[in-house]
Amino acid sequence: MNRATGTTEHMNVLASQAGWAWPVALRQLFEPRGVNLLMARDSNEFVNILSQRRIHTTIIDADATADAMGVLRIIRLQYPMVPCIVLKKQPERNLLTEVLDMDVFGVVDKPVNIDILKGLLNRLFVKRYDSLIFS
């Protein structure tokens, strides 16, 4: 990898599909960086994509995915090295405790501030992949 430019192998991010402007916002964040965005409609599709592709991080919308905690548990059991970011409107203390106990990289309050998400992704990719792709 060229650390100066942040270029690396093709990165794949798997995110929950939502009915709001979320997919457009993510594409605007990822496409200029050459990051491949995959969107999952439900928990079954989420797990299916994880089994078929190398995923560098997941972004789970706990409000849009009916069984978000179930998906997170499956990821932790079957793909423990895949970093996870959880989105949640007004996350309750018990949810924060539960997801942090599952070694989630971060929790982002909704509506999502793209700059905050980008900063979190930058820290994640520098720490995990030695990549400056989000800086």
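Send over a whole-number figure in Å² for the accessible area per residue of the chain, probe 1.4 Å.
Accessible surface, normalised per residue, equals 53 Å².
Let me check against my output: what whole-number percent is the relative contact order of the chain, with C-alpha pairs under 8 Å and at least 6 apart?
Relative contact order here is 25 percent.
Of the candidates N12, N36, N113, which one comes out as most mobile in a Gaussian network treatment of the chain with C-alpha springs shorter than 10 Å?
N113
Helix-only estimate, please: 222 nm mean residue ellipticity of the chain, summing -39500 (n - 2.57) across DSSP H runs of length 4 or more and dividing by its residues, to the nearest 500.
-12500 deg cm²/dmol
Using only Cα atoms, what is the ratio of the radius of gyration of the chain to 2.2 N^0.38 Å?
0.98
Summarise the accessible area of the chain (1.4 Å probe, protein heavy atoms) by the percent that is carbon and sulfur.
Solvent-exposed carbon and sulfur of the chain make up 49 percent of the total.
Tell me which lysines have Cα within less than 20 Å of K88's Cα, excluding those fewer than 8 residues away on the same chain?
Excluding near neighbours in sequence, the set is K110, K118.
Write out the GluC sites (Glu not before Pro) in region 26-135 meeting two conditions: DSSP loop, and at most 12 other Cβ atoms within 10 Å of their Cβ.
Here the GluC sites (Glu not before Pro) that fit, given the DSSP loop and packing criteria, are E92.
In a GNM of the chain with a 10 Å cut-off on Cα contacts, which of S51, S43, S16 has the highest mean-square fluctuation?
Of S51, S43, S16, the most mobile in the Gaussian network model is S51.
Using θ = phi - 60° and the Karplus relation 6.51 cos²θ - 1.76 cosθ + 1.60, list the HN-Hα couplings for region 43-53 in order, rounded to whole Hz, with x at every Gly or Pro.
The phi angles translate into 5, 4, 5, 4, 5, 4, 5, 4, 6, 9, 10 Hz.
Note down the accessible area of D67, probe 1.4 Å, to the nearest 10 Å².
Rounded to the nearest 10, that gives 80 Å².
Roughly how many nanometres apart are two label points built 7 Å out from the Cα toward the Cβ at M81 and D103?
For the pair M81/D103, the computed spacing is 1.1 nm.
Please give, to one decimal in nm, the separation of the simple spin-label points placed at V24 and K127, each 7 Å out from Cα toward the Cβ.
Output for this residue pair reads 3.2 nm.
The values are calculated or read from the model by the stated rules, or taken from the named source; none is laboratory data. Worth saying up front: this structure is predicted, and the values here are computed from it rather than measured. All Cβ positions, glycine included, derive from the backbone under ideal geometry; neighbour counts span all protein chains shown. We work out accessible area using only protein heavy atoms, side chains counted, and drop any ligands, DNA or RNA first. Shrake-Rupley method; radii C 1.70, N 1.55, O 1.52, S 1.80 Å.
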